[in-house]
Amino acid sequence: MAKAKTKDYFKELKKTPYPLFIAPKPYSFDLNEDMIDMLRAEFGAELVADKLATAIKGKSKADTEKAARAFFTDQGKAWMQKTIQLGEEYSDRTIEVILESVDRQGNQFMLWPHVPQRFVEIAYLGTQNFLKVPIILNNAEVLAYRIPQCALYAAIGEKCGKNIAKMMACSEYCMTALDTVRKHVEMEMLNEQVASTAKDGYCEFYMRKL
Amino acid sequence: MCWMCDEFGDAEHGNGLWYLNPKNYARNMYKLRAPGEGFKGAEAGLETGARSGPSQMDLLNAIENNDRAEYDRITGIMTARGQGSQIVPLDDADRVLELCSPIGLIACICRKGIRAIDERNEHEYTCMGMGVGMLKWERWPERYKGGVAFVNIDEAKEWNHEMDRRGFVHILMLFGAPFIGGFCQCDYPDCGAIRNAVDFGLGSLKGHYVAMVDYDKCNGCGICAQRCQWGALKFEVTTEKANVDIFKCYGCGLCQTGCPRGAIKLEPRVNVPAVAEVWT
C-alpha cells in the first residue's frame with residue numbers, strides 16, 4: 001500500500017540553502033601582515049636611502065647635512081603618519097583590549113605607554129629587518145627602545161657613502177616620527193635620543209611622559 | 001646578592017636588586033612571525049606550554065628515586081627556560097608596582113587547582129599579572145576565567161596591602177628570565193611555589209631579607225607566628241617572645257607588617273653571614 005503523501009511544511013524553506021553555522025574567527029593578537037607589507041613597500045630602508053641620494057645629489061659638502069636633515073624631517077613625519085593611518089585601519093585584539101578597557105571602564109591609564117608603543121612597533125617592524133622591536137622600558141613613566149643594526153643606516157652607507165651615514169642626519173627621521181606620535185596621541189611627553197649607531201653601534205630612544 | 005642580581009641587576013636601580021631593575025618588566029607588544037612559523041610553547045596554549053618541558057612532578061620523581069643526574073638535568077632545563085620566582089616584602093612590592101605596565105588583577109590558578117576556588121571578579125581575585133602579556137589574556141580563556149581587571153598603580157598598591165593584611169606572601173614570577181610577568185599572593189599549602197619550597201626545598205628564591213626580633217619590644221603576642229607561612233617563627237615558651245629560625249626564614253616580611261609593636265625588622269640577608277648565601 002502506497003504511503004500517503006504528507007504535506008512538507010518546510011518545502012519553501014528548503015529551497016534556500018540552510019545557513020551553516022560559521023564559528024567566529026579567533027582573535028588575532030598579531031599585527032596585520034598586509035599592513036606591514038604596505039609600510040615596507042613605501043618606507044623600506046632601501047627606498048628611503050635612494051630618495052636621500054636624490055635629495056643630496058650635487059649638493060656641496062656644507063649643504064649636504066642641511067639637505068639631509070630637512071629630507072629626514074619630512075620623511076619621518078610622512079612615515080609615522082602612514083603608520084598611524086594603517087595602524088588605526090588595521091586593528092588587532094591586543095590594541096582592542098586596551099581601548100575597550102578605556103571605553104568601558106574609563107581606564108585612561110591604559111593608554112600610556114601602550115598606544116604610542118604600538119605605533120612605534122608597527123613603524124619599525126615595517127621598515128627594519130628584525131622580528132620584534134627591542135623594548136627596553138615600558139612603564140608609567142618611560143617608553144624606551146633600541147634599534148640594533150639599523151637597516152636604514154646600512155642602506156644610507158651603501159647608497160650615499162659611509163660619511164653621509166655617520167653624520168646621523170637620520171636621527172631626524174626617528175625623532176620627527178616620535179614627535180608625530182606625540183601630537184597624534186595628545187600626550188605630554190619628552191622624546192630624546194640617548195645613543196646613536198655611528199657612535200655606539202645602536203640607536204636608543206626614550207619617550208618620557210611628563 | 002643572589003645569582004639573579006648578578007645577572008639581571010642594575011646598580012643604578014634599587015641597589016642592584018634584579019627585581020627593581022625596570023628593564024626586567026619591559027617587553028615588546030608584537031612580533032612578526034617568520035614564514036611558516038606557528039605558535040610555540042605557552043603561546044600555543046597552556047597544555048602545550050606545560051608539556052614543552054619537565055614539570056615539578058618530574059623533579060619530585062628524581063628526588064624520590066635519588067637520581068642526582070636527572071635532578072641536575074631537569075633543574076638545568078628549568079633555569080635555561082627562565083623559570084623561577086622570588087619572595088619580596090611589602091615595601092619592595094610597592095616599588096615593583098611602579099615599574100610595570102599594565103597591571104591586571106586575575107584569579108589564582110593554584111587555589112583553583114587545589115581548593116577548587118573560582119575567583120570570578122575583581123573583588124575575589126588574589127593574583128596579579130604584569131606587563132604586555134596581560135593584553136593577550138584572551139588567548140588562554142581557561143586560565144583567565146572571570147577575566148582581568150586592569151588597575152592603576154595606586155589601586156594595585158592598595159590591593160597589594162590588602163593581600164598583605166590578609167596574610168598572603170608576595171612572590172614575583174619569571175616568564176622567561178629576566179622578564180617578570182606575574183605577582184602571586186600565596187599561602188601554604190594552596191600555593192604551588194610555597195608548597196614546593198617548604199615541602200621539597202624547590203622553586204622560589206628566598207627574599208633578600210631575614211626577619212629579626214627586637215626582644216625589648218616583643219610582647220609575645222604570637223601574631224607573627226600565625227602569619228608565617230614558612231614555619232620559621234615560633235613562640236618560645238621560656239622567654240615568652242617570638243623567635244625566628246633564620247635558615248627557614250624566606251624574608252617575606254609578613255611577620256613585620258603584622259607586628260602591632262613594630263618589634264620585627266627585616267635585615268638585608270647579606271648582612272647576616274650565616275644565611276648570606278642561602279637562597280633556597
Report task. Could you grab the pairs with beta carbons closer than 7 Å, sequence gap of 6+ or different chains, first residue in the stretch B:208-220 and without any contact (Cβ under 8 Å) to a residue 24 or more places away in the chain, second one assigned to a loop (DSSP other than H, G, I, E, B)? Result -> B:Gly220/B:Glu240
Query raised in the report: Just checking, which of B:Ala80, B:Ala116, B:Ala69 is modelled with pLDDT under 95 and either within 25 Å of B:Phe8 (Cβ to Cβ) or within 14 Å of chain A (Cβ to nearest Cβ) (or both)?
Result: B:Ala80
Query raised in the report: All but one of (1) in a loop (DSSP other than H, G, I, E, B); (2) hydroxyl-bearing (Ser, Thr, Tyr); (3) over 22 Å from A:Gly44 (Cβ atoms) hold for A:Thr127; which doesn't?
Result: (3)
Report task. Go through (1) assigned to a helix (DSSP H, G or I); (2) surrounded by 20 or more Cβ atoms within 10 Å (Cβ to Cβ); (3) within 14 Å of chain B (Cβ to nearest Cβ) one by one and return the number of the condition A:Asp103 breaks. Result -> (2)
Query raised in the report: Given B:Thr280, B:Thr239, which one is open to solvent by 40 Å² or more (accessible area, probe 1.4 Å), more than 23 Å from B:Met163 (Cβ to Cβ), more than 24 Å from the chain's Cα centre (by Cα) and among the polar types (S, T, N, Q)?
Result: B:Thr239
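Across the stretch B:263-276, what is the total count of residues that are surrounded by 12 or more Cβ atoms within 10 Å (Cβ to Cβ), within 24 Å of B:Leu172 (Cβ to Cβ) and of a type outside the set (Lys, Arg)?
Initially, the stretch B:263-276 is screened for residues surrounded by 12 or more Cβ atoms within 10 Å (Cβ to Cβ), giving B:263-270, B:272, B:275-276.
Next, only the ones that are within 24 Å of B:Leu172 (Cβ to Cβ) stay: B:264-270, B:272, B:275-276.
Within this subset, residues satisfying the condition of being of a type outside the set (Lys, Arg) are B:264, B:266-268, B:270, B:272, B:275-276.
Result for the stretch B:263-276: 8.
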Report task. Just give me the residues in the stretch B:244-262 being open to solvent by less than 70 Å² (accessible area, probe 1.4 Å), touching a Cys at 6+ places or on another chain (Cβ under 9 Å) and more than 21 Å from B:Ala93 (Cα to Cα), in sequence order. Result -> B:Val244
**Report entry** Residue tally, condition open to solvent by less than 10 Å² (accessible area, probe 1.4 Å) and within 10 Å of B:Asn28 (Cβ to Cβ), over the stretch A:125-139
**Finding:** 3
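Looking only at the stretch B:133-154, count how many residues are under 20 Å from B:Leu172 (Cα atoms) and in contact with a Phe, Trp or Tyr (Cβ under 9 Å, 6 or more places away or on another chain).
Filtering the stretch B:133-154 for residues under 20 Å from B:Leu172 (Cα atoms) gives B:133-137, B:143-144, B:148-154.
Right, trim to in contact with a Phe, Trp or Tyr (Cβ under 9 Å, 6 or more places away or on another chain) and you get B:133-137, B:143-144, B:148-153.
The qualifying residues number 13.
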Query - Flag for B:Ala156 being within 17 Å of the chain's Cα centre (by Cα), assigned to a helix (DSSP H, G or I), under 27 Å from A:Val97 (Cα atoms) and of a type in the set (A, V, I, L, M) - result: yes
Query raised in the report: Name the pairs: first residue in the stretch B:124-141 and over 21 Å from B:His161 (Cβ atoms) and within 7 Å of chain A (Cβ to nearest Cβ), second residue open to solvent by 40 Å² or more (accessible area, probe 1.4 Å) and acidic (Asp, Glu), Cβ to Cβ under 9 Å, at least 6 apart or on different chains?
Result: B:Lys136/B:Glu43; B:Arg139/B:Glu43
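Name the residue that is nearest to A:Ile95 (Cα to Cα), counting only residues in the stretch B:15-34 that are more than 14 Å from every other protein chain (Cβ to nearest Cβ) and open to solvent by less than 20 Å² (accessible area, probe 1.4 Å).
From the stretch B:15-34, those more than 14 Å from every other protein chain (Cβ to nearest Cβ) are B:15-18; that's our starting set.
Then drop every residue that is not open to solvent by less than 20 Å² (accessible area, probe 1.4 Å), which leaves B:16-18.
On the way: B:Gly16: 34, B:Leu17: 32, B:Trp18: 30 Å.
Per the stated criteria, the residue is B:Trp18.
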Report task. Filter the stretch B:103-125 down to the residues that are closer than 18 Å to B:Ile171 by Cα and in contact with a Leu (Cβ under 8 Å, 6 or more places away or on another chain), then identify the one that is surrounded by the most Cβ atoms within 10 Å (Cβ to Cβ). Result -> B:Ile103
Query - Index of the failed condition, A:Arg208 passing every other in (1) crowded, with 16+ Cβ neighbours inside 10 Å; (2) within 14 Å of chain B (Cβ to nearest Cβ); (3) not in a helix (DSSP H, G or I) - result: (1)
Requested in this report: Kindly check whether there is at least one residue in the stretch A:107-119 that is modelled with pLDDT of 95 or more, crowded, with 16+ Cβ neighbours inside 10 Å, under 30 Å from A:Ala165 (Cβ atoms) and more than 7 Å from every other protein chain (Cβ to nearest Cβ).
Outcome: yes
Report summary line: Checked the stretch A:140-171 for anything open to solvent by 50 Å² or more (accessible area, probe 1.4 Å) and either within 17 Å of the chain's Cα centre (by Cα) or within 14 Å of another protein chain (Cβ to nearest Cβ) (or both); matches are A:Glu141, A:Arg146
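The values are calculated or read from the model by the stated rules, or taken from the named source; none is laboratory data. Just so you know, these numbers come straight off a predicted model, no measurement behind them. Positions of Cβ are generated from backbone atoms using ideal geometry, with glycine treated the same way; all protein chains shown enter the neighbour counts. Calculation scope for accessible area: heavy atoms of the full protein, side chains included, ligands and nucleic acids excluded. Shrake-Rupley method; radii C 1.70, N 1.55, O 1.52, S 1.80 Å.
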